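Have a look at the structure below before the remarks.
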Amino acid sequence: MTEFQYRCSRCGRTYGRDEVRYLCPECGRDYAPGMPLIGVLEVEFDYRDIARRFDRSRPDWDLFSPVEWEYFPVYPAGNTPFAPAPRLGERLGRPRLWIKNDGLNPSGSLKDRASLLVVAEAARLNETKVVCASTGNAASSLAAVCAAAGRRAVIFVPQSAPRAKLIQMLICGARVIPVRGSYDDAFRLSLEYTQLRGGLNRNTAYHPLTIEGKKTAGLEIFAQNGLRVPDAILVPVGDGVIISGIYKAFHDLRAAGLCEHLPRLVAVQAETSAAIHDYIVSGIFRPAVSPTTIADSISVSVPSNPDLARRAVLESGGFSLTVSDERILEAQALLAGRTGVFAEPAAAAAAAALLSDEARQRLDPDWQVVLLVTGHGLKDIEAPLSRLRIPEAVPADFAALPEDMPEN
């Protein structure tokens, strides 16, 4: 761990580690539920100290952590596979296509990274209860990490959350409160609960360490890529925190003198849930009017972190685009059929982007392009069932098998 301070992303004020917990006390006064967060805090390390202590031959990635290792529960998040995807790359005309498969975290999603760091912070603060709102993945990851840490998870989810994710939360012992409303309604209720009944709130971007937790995926890409920066990383975007975390990883690396530039970050949103995409393109923020999509993990009307997401894309020289539900399902099948990686719909959105004309035009075919797969497909099997047919059973007799066995 390295000494750090919090800096407000809006006004630039700085705060000591225990002076603040959530938003900037000054800017946060203007925040009200139903609008993007104001005064999101960022961790600012002593980068000169990191540069002095970092040894490329024996990298110590804990230098980039804002919580001491002693507070972490035993929960094996991170260190997920990073590998080339030659068959998918051949199909898409991208010989240097790679996949970072965060669907293989213990709870099945990248969100384990943020939950692990926030639960470690709860241990440091002696908080026994951690609260969040989620469409599913953040909640199931929090439930799992709290189970490992012996802490209580209190979770607000929209009633439309996938059953597989609800079961995952419940079997891990979380207190689950389904809300008759949207993710935004669940977010508001979770804040009210924390204010009135206590606990540490893990809501994405509301707690600054969620960005730091998701940052670790970017640090791993750099480490697993031989301490090299890929040309582009495609990121599914809902609230805008994952892409902000990936940006933060390479920002920290550059500030510590460990790399010279950022990867181009490409934000991928579902067509009906495109508030951040529209903000990046127009510079004017408007909520998504009807964010109804099969990609539930990136379905949100009012994203919590649009400002930092927009900055991540623009400062990295990247861009944003949207994909249809039909294209997401097509990409989900293509990804599984060509790599063996079964991604949930939101995670498959990154692959769907590569089927678009815009990506073909703006991403050089010789670049190293990384698909960030953020969640496992078994978290939501209803979506792919719309395109699949489970075969009929046959008698247990070889003679009964059809001569021409159809391919799936």
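Summary table
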read-out: Among 10-16, 392-398, 367-373, 154-160, the order from most to least packed when residues are scored by Cβ within 10 Å on average; value: 367-373, 154-160, 10-16, 392-398
read-out: Under the span-like rule (Cα at least 15 Å along the axis, Kyte-Doolittle mean at least -0.5), DSSP H helices of the chain; value: 112-124, 137-149, 209-224, 241-255, 325-339
read-out: Average Cα contact separation per residue, the chain, under 8 Å, 6 or more apart, as relative contact order %; value: 17 percent
read-out: Listed residue pairs exceeding 19 Å between alpha carbons, taken from K248/K379; K111/K215; K111/K379; K129/K379; K129/K215; value: K248/K379; K129/K379; K129/K215
read-out: For peptides 22-28, 207-213, 143-149, 74-80, sequence by mean Cβ density within 10 Å, most packed first; value: 207-213, 143-149, 22-28, 74-80
read-out: Rg over Rh, two decimals, the chain (C-alpha only, Kirkwood Rh); value: 0.97
read-out: Helix-derived mean residue ellipticity, 222 nm - over the chain, DSSP H n ≥ 4, -39500 (n - 2.57), to 500; value: -10500 deg cm²/dmol
read-out: Cut-off under 5 Å, modelled amide H: who pairs with F156 long-range; value: C132, A133, S134, I177
read-out: For K111, K214, order by how many other beta-carbon atoms lie within 10 Å, fewest first; value: K214, K111
read-out: Environment charge of L355, counting only residues whose C-beta is closer than 11 Å and scoring Lys/Arg +1, Asp/Glu -1; value: -1
read-out: Taking the range 189-324 and dividing mean pair separation by its residue count, relative contact order in percent (alpha carbons under 8 Å, at least six apart); value: 25 percent
read-out: Prolate/oblate/rounded call for the range 235-352, Cα gyration tensor, a/c under 1.5 rounded; value: oblate
read-out: Relative contact order (%) - the range 135-263, alpha-carbon pairs under 8 angstrom, separation at least six; value: 17 percent
read-out: Reach of K165 by Cα under 17 Å, taken over aspartates and glutamates that are not fewer than 8 positions away in the same chain; value: D102, D112, D296, E344, D380, E382
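Taken together, the values in this text are just the output of simple stated rules run on the coordinates, not laboratory data. This is a predicted model, so every value here is computed, not measured. Heads up, the Cβs are rebuilt from the backbone with ideal geometry, glycines too, and the neighbour counts pull from every protein chain shown.
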